[in-house]
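Engineer: Supplied in structure tokens, the structure appears directly below.
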Amino acid sequence: DPQTDSIRFANAGHNPPMFWDERAGSARFIEDHGLAIGMTEGPRFIGGMKDVEVKLRKGDMVCFYTDGVVEAMSQEGNEFGTDPLVIAAQSIRQDSAERMVQRIVAAIERHAEGAEQSDDITLYVMKR
């Protein structure tokens with residue numbers, strides 16, 4: 001919402017988005033514990049959805065990602081994990097959201113060393 005400098009979302013069972021707080025110089029993962037899409041329907045599903053509102057100040061970023069990002073496997077069978085998301089945010093604080101996506105994808109490719117992935121790798125970054 002451009003009027004309030006905030007975003008509102010429902011996670012619907014996906015990985016918790018990473019929020020980079022520029023003032024604090026740190027990242028945290030936004031846990032909302034809402035129901036996953038497809039687990040139930042009707043009023044029970046609607047009642048189980050929890051939306052989250054996050055205020056974005058200048059320099060703040062939110063990174064939404066699929067499980068294929070954190071579960072990207074190396075040749076040795078090790079998962080990429082969430083730490084590299086935080087490292088990318090710390091290292092490019094002054095860059096654009098597009099550049100953050102590029103850096104994370106490059107880090108995943110380095111981690112994978114050509115290993116075939118079994119899931120999609122999708123990122124969406126918003127920066128104010």
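The values are calculated or read from the model by the stated rules, or taken from the named source; none is laboratory data. Predicted model, so just to flag it, every value in this text is computed and none were measured. Cβ placement follows ideal geometry from the backbone for every residue including glycine, while neighbour counts extend to all protein chains displayed.
Engineer: Criterion first (more than 17 Å from SER6 (Cα to Cα), at pLDDT 90 or above and part of a loop (DSSP other than H, G, I, E, B)) does ALA115 satisfy it? If you could, list the steps in order and put the result at the bottom.
Structural biologist: Numbers: more than 17 Å from SER6 (Cα to Cα): yes; at pLDDT 90 or above: yes; part of a loop (DSSP other than H, G, I, E, B): yes.
Judged against the criteria, ALA115 is a match.
Engineer: Can you tell me which residue within the stretch 67-79, out of those that are on the phi < 0 side of the Ramachandran plot and surrounded by fewer than 16 Cβ atoms within 10 Å (Cβ to Cβ), is nearest to the chain's Cα centre (by Cα)?
Structural biologist: From the stretch 67-79, those on the phi < 0 side of the Ramachandran plot are 67-76, 78-79; that's our starting set.
The next check asks that each one be surrounded by fewer than 16 Cβ atoms within 10 Å (Cβ to Cβ); those that pass are 67, 71, 74-76, 78-79.
Numbers: ASP67: 9, GLU71: 13, SER74: 20, GLN75: 24, GLU76: 24, ASN78: 19, GLU79: 16 Å.
Among them, the one singled out is ASP67.
Every residue, every condition in (1) buried (at least 16 other Cβ atoms within 10 Å of the Cβ); (2) modelled with pLDDT of 90 or more; (3) polar (S, T, N, Q); (4) closer than 24 Å to ARG99 by Cβ, yes or no:
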position	(1), (2), (3), (4)
PRO2	no, no, no, yes
ARG8	no, no, no, no
MET18	yes, yes, no, yes
GLU22	yes, yes, no, yes
PHE29	no, yes, no, yes
ILE46	no, no, no, no
LYS50	no, no, no, no
MET61	yes, yes, no, yes
GLY81	no, yes, no, yes
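Engineer: Among the listed residues ALA89, ALA72, ALA115, ALA107, which satisfies the condition of being within 18 Å of GLU22 (Cα to Cα) and small (Gly, Ala, Ser)?
Structural biologist: Details: ALA72 fails: within 18 Å of GLU22 (Cα to Cα); ALA115 fails: within 18 Å of GLU22 (Cα to Cα); ALA107 fails: within 18 Å of GLU22 (Cα to Cα).
One residue alone meets the criteria, ALA89.
Engineer: Now for a different question. Only residues that are surrounded by fewer than 17 Cβ atoms within 10 Å (Cβ to Cβ), assigned to a helix (DSSP H, G or I), modelled with pLDDT under 90 and not hydrophobic (A, V, I, L, M, F, W, C): list them for the stretch 83-98, please.
Structural biologist: Once the filter is applied, which keeps residues that are surrounded by fewer than 17 Cβ atoms within 10 Å (Cβ to Cβ), assigned to a helix (DSSP H, G or I), modelled with pLDDT under 90 and not hydrophobic (A, V, I, L, M, F, W, C), the stretch 83-98 yields GLN90, SER91.
Engineer: Does the stretch 73-105 hold any residues that are more than 20 Å from ALA27 (Cα to Cα) and among the small types (Gly, Ala, Ser), and which are they?
Structural biologist: Those that are more than 20 Å from ALA27 (Cα to Cα) and among the small types (Gly, Ala, Ser): SER74, GLY77.
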